[in-house]
1. As an exercise, use a Förster radius of 35 Å and the Cβ-Cβ distance of residue 79 and residue 167 to find the FRET efficiency, rounded to the nearest 0.05.
2. Within 10 Å, count the other beta carbons around each residue, average over each peptide in 26-39, 93-106, and list them highest first.
3. Tell me, what is the percent relative contact order of segment 2-188, built from C-alpha pairs under 8 Å that lie six or more residues apart?
4. For the ranges 140-150, 46-56, what's the packing order if you count other beta-carbon atoms within 10 Å of each residue, average per peptide, and put the highest first?
5. Does segment 99-141 come out rounded, prolate or oblate by the C-alpha gyration tensor, with a ≥ b ≥ c the root eigenvalues, rounded set by a/c under 1.5 and, if not, prolate when a/b is larger than b/c and oblate if not?
6. Starting from one equal scatterer on each C-alpha and no solvent at all, send me the Debye-based log10 I(q)/I(0) for segment 2-188 at q = 0.16, 0.18, 0.20 Å⁻¹, two decimals.
7. Given R₀ = 35 Å, what would the calculated FRET efficiency be for residue 177 paired with residue 100, taking r from the Cβ atoms and rounding to 0.05?
8. Exposure proxy check: 68, 86 ranked by fewest other beta carbons within 10 Å?
């Protein structure tokens, strides 16, 4: 929970990640006891935005559905954007860094939308204009949801995440956030010069495309460093 001004008119912004019904009542057991006006956006994985908004306090926080493809998630997001306007309530959407784990034969998992949950979804959300966008992370190294470098010096220097520096997410996020705050439907670099547009970021080597950026190996089998000035 945090103060949210000026867009929240002095209210406290409260959101939940739990998508099922809790054992408590949000209205009587939480919001009524805060002692300050609350803007509450409860989490949901619903495919029925009309019902979700109708049952909400101030609006909805929509997390990534664990089994949807990117196209399926985009369709759900579009439905929430349209219903948000009809319901007259608020909608907060989420983006996230890579979200996968690779421990052993019985404990491997990847989000169904793969790496589209960050850049691709953020670009789609720029067109839909949710009231808020949350970059969701637990800074969890094992599930790859962290935003910066993983400090594993004293914990697990041999683990796979010690070779996955996510600092590039912060660099590209700055461009996307600027586009969102400026109400632009797509990100772009300003001024439009190669030097100002040049953005360096790290990607998994299997997703790097030599037709879209100039790449060179960093010496790690996990990453490639790409620099592109085609904005």
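Since every read-out is calculated from the coordinates, none of them should be taken as a lab result. What you see is a predicted model; the values in this text were computed from it and never measured. Neighbour counts are summed over all protein chains in view; Cβ atoms, including those assigned to glycine, are modelled from backbone coordinates with ideal geometry.
1. On the way: r = 34 Å, r/R0 = 0.98.
With R0 = 35 Å, the Cβ-Cβ based efficiency is 0.55.
2. With the highest mean Cβ count within 10 Å placed first, the list reads 93-106, 26-39.
3. Working: 286 pairs, mean separation 28.3, N = 187.
Value for segment 2-188: 15 percent.
4. My ranking of the peptides, most packed first, is 140-150, 46-56.
5. Prolate.
6. Here log10 of I(q) over I(0) equals -1.09, -1.28, -1.42.
7. Working: r = 24 Å, r/R0 = 0.68.
Once rounded, the FRET efficiency stands at 0.90.
8. Values: 68 17, 86 10.
Taking fewest neighbouring Cβ atoms as first place, the list is 86, 68.
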